[in-house]
Amino acid sequence: MNDLPRVPVLGVARLSPLFAALIRERHELLDRLHETDPAAFAVAAPGIRAVAAGGDSRVDAGLIARLPALQIISVMGVGYDGIDVEAARARGVVVTHTPDVLNDEVADLAIGLMLAAARQLPAADRYVRSGQWEARGPMPLARKMSGSRLGLVGMGRIGQAIAHRAQAFGMSIAYTARSAKPGLPYRFVASVEELAAGSDFLVLITPGGAGTRHLVDAKVLRALGPKGILVNVARGSVVDEAALVDALEQGVLGGAALDVFEDEPRVPARLLALPHVVVAPHIGSATHATRQAMADLAFANLQARLAGQPLLTPVPECA
Ligand code: 8YV
């Protein structure tokens, strides 16, 4: 594939610099040209063969329609809910993503957020730094995680990696998914609300998109209850964020640890004002090693398509 000709590749918003660097070595990267210079984009569009995106990028039918020579939308991310896969498929454009290479990383973060929320680690850090330890003595007592009940919303590859880790904490594990996964040693529960009612931690690791929008609503949060902790490492769209803020403010829900939000990078001020909320800036896969592995896989998919070779990891709809 080293002898592939250089082609114009359109980069869309939230493209990783690691993926961008790989593209620049072999191709001409037009980074957000459709947004920054519409006149130049109109000239370049007929020649664009590939779109490079991130897991949280948007590529809609309108953009796809303006790219008549497009062959691939390569997403550096496992999630691709921002991509109009139907519009792409209808045009013979394949969509690829980067599953598996980030399973460990996202699962590690989920466990980290569970511990952070249960043991109040960010608050503990603030307690020492602000001098409160010296001034007031010991911090209020926290919650035990080991041996508690974990409910997983989603039992795909990352969900299974989280469950595997949770077993080492002696947690009892139940999950909900579209259907029960045969062969797994975890209890299947058909509804999210029922799962929440029987969980101390409700961890979300399900794809985003229309099918899961606001799956976690006021009723689910009430079922999780005043001692329950919500952890979201999936997509912000899975949770009704306004209902979450209300539930936390009113003590209907015990706490939350969130890596994703409905309108990233904006996080509601009311959420940030709550002491029993732990927040992170969408860092599920954000380590050097994992982001490089994702970039390498996204680039390999792009090159394979341009060379007419089999794709490594097409999204299921394009497989
Ligand atoms: C990153 C993600 O946001 O994989 C995903 O679906 O959300 C994340 O890993 C992103 O894709 C990095 O480019």
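The values are calculated or read from the model by the stated rules, or taken from the named source; none is laboratory data. Just so it is clear, the model here is predicted, and its values are computed rather than measured. Neighbour counts are summed over all protein chains in view; Cβ atoms, including those assigned to glycine, are modelled from backbone coordinates with ideal geometry. Heads up: the accessible areas ignore ligands, DNA and RNA and are worked out on the full protein's heavy atoms, side chains in. Shrake-Rupley method; radii C 1.70, N 1.55, O 1.52, S 1.80 Å.
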All-but-one check, PHE188 against (1) under 20 Å from ASP108 (Cβ atoms); (2) open to solvent by 30 Å² or more (accessible area, probe 1.4 Å), failing number (1)
Please indicate, with yes or no, whether at least one residue in the stretch 107-127 is aromatic (Phe, Trp, Tyr), modelled with pLDDT of 95 or more and open to solvent by 60 Å² or more (accessible area, probe 1.4 Å). no
Check THR206, THR212 and return the single one that is open to solvent by 10 Å² or more (accessible area, probe 1.4 Å), in contact with a Lys or Arg (Cβ under 9 Å, 6 or more places away or on another chain) and under 17 Å from ALA243 (Cβ atoms). THR212
Could you please find all residues in the stretch 167-177 being out of contact with any helix residue (DSSP H, G or I) (no Cβ under 7 Å at 6 or more places or on another chain) and open to solvent by less than 20 Å² (accessible area, probe 1.4 Å)? MET171
Evaluate the following for VAL7: is it aliphatic (A, V, I, L, M), open to solvent by 20 Å² or more (accessible area, probe 1.4 Å) and in contact (Cβ under 8 Å) with a residue 24 or more places away in the chain? no
State whether the residues of the stretch 303-311 include one that is among the hydrophobic types (A, V, I, L, M, F, W, C) and surrounded by fewer than 17 Cβ atoms within 10 Å (Cβ to Cβ). yes
2 or more residues out of contact with any Pro (no Cβ under 9 Å at 6 or more places or on another chain): qualifying strands (runs of 3 or more DSSP E) within the stretch 30-106: 50-54, 72-76
Output the residue which, of all residues in the stretch 22-47 that are more than 20 Å from VAL93 (Cα to Cα) and touching a residue at least 24 places away in the same chain (Cβ under 8 Å), is surrounded by the fewest Cβ atoms within 10 Å (Cβ to Cβ). ARG26
What number of residues in the stretch 10-57 are within 16 Å of the ligand (Cβ to nearest atom), among the basic types (Lys, Arg) and at pLDDT 95 or above? 1
What are the residue pairs meeting all of these: first residue in the stretch 178-199, first residue among the aromatic types (Phe, Trp, Tyr), second residue assigned to a loop (DSSP other than H, G, I, E, B), Cβ atoms under 8 Å, and 6 or more apart or on different chains? TYR186/MET155; PHE188/ALA177; PHE188/ALA180; PHE188/LYS181
Please count how many residues of the stretch 48-69 are open to solvent by 30 Å² or more (accessible area, probe 1.4 Å) and free of Cβ contacts under 8 Å to residues at least 60 places away in the same chain. 8
